[in-house]
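Laboratory data are not the source of any read-out in this text; all were calculated from the coordinates shown. From a predicted model like this one, the values you see are computed outputs, not experimental measurements. Glycine gets a Cβ as well: all are built from the backbone with ideal geometry, and neighbour counts include every protein chain shown.
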């Protein structure tokens, strides 16, 4: 591109925030890093390559930013930008850019964008604020579309499972068990008579000692509250709240069409977590950000009360934690200046798996593109300390074992991280295997995600065929065992207050995580979440479909029970813990818990037989 061709681009940038904050040389650098593209409305969408991100500057025309499910997030015209979230976070943002009117777009290269951020603090701050603004737009549009205009027919389960009024209760319970559902509609002659839920079975059958051959119509909820299919999701949520119900039949003039549960609605009820994320991204100082983070326990409580799945609650809580961490990194860089090299903030443990609960400490690290000098090392030390201390103030306590980015041991270059993982894998002594149970659950939170991907792929390649390391992992996974004694009796231990209780985390969920991690490493799966790892193991033929489903069910049941218990502890003013006192749950729940622990024990034996025999 000649100097004559550059002139109109430079003139346009000189009037455009934040390019107007650059000096003449900076704007010339930007102009030379730009390519020009034309997008016609007939093309539909702008093709984006997230493996090679760019900054897109709208010169003319009109565009819409939509999520991968078609939800409107933002509208763009002359002087607006898209593509910057991937440049800032290093992550693949699955948004789509729809062309509303033919237009010209200036496309700035990633290397030039980084150079301009390093050149001008104002330029860097502008795009960080723009990213926060996009998240707020996202929250607003998602809330509007899902809660104000979405109809209940779009989320209901249809056709709903049903049973006749004279069917025995036991038959209905078996049908619910086999279909893995929490309610049945009671229907006769295609008319809705009632609904039978898990709560009805618990309160009206088991608690009262009712015979299993009792007809369903004697224990069902008769004439249940129902709504027509065109009811707004928002109205359905109000109805469920007002009547304190978790299952809402959908019917048209008495004819049942489907059913919606509180779990279905929690998938759409994104206004609360998204509002909180928006609040997080709006804060401009550490003190107010920590104050906003104080809303997280209340968010957890609302999700528990909505009877959402444990997997969904874990994901929502972790997304909030991710947002808080990213915002702290932005504020830290505003205070300390731009980072001297490419970096990636890593999460380990529960944050990496996206299964955080009501009491989580920190497990994080920093991955640097190269070996830092003393000045650079000091910068990242101060940045990490800023973030970790603020997370601690926000309720994510400092890791007792010091596994935090503020610890110089876990602020390493890519080559150093690779060498560290190599030592753990090639010399699997007990301490190395203990570290593996934390560090091998790894996910990029902010910065250059490609650095984390390179590290993960090198680790997986090194683990896949290392039978000795996998054997040591399998042996280590057997150090804890599910709390089942002879004759399937629950074995209790002392909690922090010297009361006999069950440790649902270390005696249940942690073992499932260990088993899934070993299988994922064995088959080379990049999955980090435990449920996804179980699926990968099943697809790879390492476990049968039946065993995989049973283990996934056990994980969800134990995790849900843990969260429900933490919700009750929180409502009583107690600190949430992982200990459950059996006397606080029903006999049916204790029986189901024994079954879940038995599944965990079989999975533990299976992984030991598959791998530990290599020793």
* Helix-only [θ]222 nm of the chain, DSSP H runs n ≥ 4, -39500 (n - 2.57) each, per residue, nearest 500 -> -15500 deg cm²/dmol
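Using Cα pairs closer than 8 Å and at least 6 residues apart in sequence, work out the relative contact order for region 466-615, in percent.
Normalised by residue count, the contact order of region 466-615 is 36 percent.
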* Tell me, what is a quarter of the convex hull surface for the C-alpha atoms of region 152-267, in nm² with one decimal? -> 6.7 nm²
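Report the antiparallel proportion of the DSSP beta bridges in the chain as a percent, rounded to a multiple of 5.
Approximately 90 percent, going by the DSSP bridge assignments.
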* In degrees between 0 and 90, to the nearest 10, how far off the longest principal axis of the chain does helix 430-439 point, with axes built from Cα atoms? -> 80 degrees
* To do: Could you check what % of the DSSP bridge pairs in region 296-454 are antiparallel, to the nearest 5?
  => 75 percent
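Just want the ordering: 81, 38, from fewest to most Cβ atoms lying within 10 Å of their own Cβ.
Neighbour counts put them in this order, fewest first: 38, 81.
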* Pull out a ≥ b ≥ c, the square roots of the eigenvalues of the alpha-carbon gyration tensor of region 355-510, then state rounded if a/c is under 1.5, prolate if not and a/b is larger than b/c, and oblate in the remaining case. => oblate
* Asked: Do you know the relative contact order of the chain, to the nearest whole percent, from alpha carbon pairs under 8 angstrom that are 6+ apart?
  -> 10 percent
* **Area projected by the alpha carbon convex hull of region 446-524, averaged over all directions, nm²** => 7.9 nm²
* With the contact rule set at Cα under 8 Å and sequence spacing of 6 or more, what percent relative contact order holds for region 152-267? -> 32 percent
* To do: For region 466-615, just the Cα atoms, rotate onto the principal axes and tell me the three extents in Å, largest first.
  => 47, 28, 26
* Asked: Against the longest alpha carbon principal axis of the chain, how many degrees, from 0 to 90 and to the nearest 10, is the axis of helix 169-179 turned?
  -> 30 degrees
* Among DSSP beta bridges whose residues both lie in region 152-267, state the antiparallel percentage, nearest 5. => 85 percent
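Please report the orientation-averaged projected area of region 3-120, defined via the convex hull of its C-alpha atoms, in nm².
Numbers: hull surface 28.4 nm².
Computing the convex hull of the Cα atoms and averaging its projections yields 7.1 nm².
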* Structure fact -> Listing 409, 41 by rising number of other beta-carbon atoms within 10 angstrom, fewest first, gives 409, 41
* Relative to the longest principal axis of the chain, what angle (0 to 90°, nearest 10) does the C-alpha long axis of helix 374-393 take? -> 40 degrees
* Asked: Given q = 0.09, 0.13 Å⁻¹, what are the Debye log10 I(q)/I(0) values for the chain, with equal point scatterers placed on the Cα positions and solvent ignored?
  -> -0.85, -1.47
* Residue exposure sequence - 607, 17 - by fewest surrounding Cβ within 10 Å -> 17, 607
